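Please read the structure below before turning to the comments.
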Amino acid sequence: MQKELFDNNLILKLSFDFSLIVIDYCELLDVSKKHIISKQLFRSATSIGANAMEAQNAESKADFIHKMKIAAKEADETQYWLMLCQHAKNYPDCNKILNKLQELQKVLNKILATAKNKNTLSILYSFFIFKQAIC
């Protein structure tokens with residue numbers, strides 16, 4: 001894995017770290033024999049980072065936006081599965097994971113808003129400023 005890529009790219013770092021947290025949570029679900037929710041949550045949560053990673057090699061600005069929109073949709077689906085876990089009986093606590101997801105969604109939304117309204121140089125500049133603001 002290219003450590004520098006993750007260290008210098010907030011969305012990749014956040015989505016990778018989030019995936020690791022969800023993997024641990026899904027293992028807890030599997031131990032509790034909650035396999036169906038575990039599989040759905042695992043797929044949607046890890047897909048956020050996979051799509052963000054794929055966006056790094058986009059063929060155009062439109063392709064970048066499209067891939068990031070897919071990542072945002074996967075984040076929304078992940079939120080749905082986590083909310084089910086949060087409200088269902090006998091499921092492990094997932095409030096910290098939901099908080100991490102909200103942070104990730106804010107970054108995705110900022111990237112999408114900036115990408116739709118600015119040129120490429122402005123996107124990078126805005127992303128750098130945003131990274132400084134939340135760190």
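List the relative contact order of the chain as a percent without decimals, with contacts defined as Cα pairs under 8 Å and 6+ residues apart.
In percent, rounded to a whole number, it is 23.
What FRET efficiency would be calculated for the residue pair Ala58, Asn90, taking the C-beta separation as r and a Förster radius of 41 Å, to the nearest 0.05?
The value I calculate is 0.45.
What is the helix-to-structure angle for 35-55, meaning the angle in degrees between its Cα long axis and the longest Cα principal axis of the chain, kept from 0 to 90 and rounded to the nearest 10?
Result, in degrees: 10.
What does the charge dipole of the chain about its Cα centre add up to, to the nearest 20 debye, if the Cβ of each Lys and Arg holds +1 and the Cβ of each Asp and Glu holds -1?
Roughly 340 debye, rounded to the nearest 20.
About its Cα centre, how strong a charge dipole does segment 1-71 have in debye, to the nearest 20, once Lys and Arg get +1 and Asp and Glu get -1 at the Cβ?
Details: 9 positive and 9 negative charges, 61 e Å.
With only Lys, Arg, Asp and Glu charged at Cβ, the dipole is about 300 debye.
For the pair His35/Ala50, report the inter-label distance in nm, with labels modelled 7 Å from Cα in the Cβ direction.
2.0
Based only on other Cβ atoms within 10 Å, what is the fewest-to-most ordering of Ile97, Ile48, Ile70?
Listing Ile97, Ile48, Ile70 from fewest to most nearby Cβ atoms yields Ile70, Ile97, Ile48.
Round to a whole angstrom and tell me the spacing of the C-alpha centers of segment 1-47 and segment 101-116.
18
Consider all pairwise Cα distances in the chain and report the whole-number % of them above 20 Å.
45
Work out, step by step, the length gained on full extension between Met83 and Leu98: first 0.36 nm times the residue separation, then minus their alpha carbon distance; give nm to one decimal.
Values: separation 15, 0.36 × 15 = 5.40 nm, distance 0.80 nm.
That works out to 4.6 nm of additional length.
Arrange the following residues from fewest to most other Cβ atoms within 10 Å of their Cβ: Val22, Val107, Val31.
Ranked by crowding around the Cβ, least crowded first: Val31, Val107, Val22.
Taken together, the values in this text are just the output of simple stated rules run on the coordinates, not laboratory data. As the structure is a prediction and not an experimental result, all values here were calculated from the model. Cβ atoms come from the backbone with ideal geometry, glycine included; neighbour counts cover every protein chain shown.
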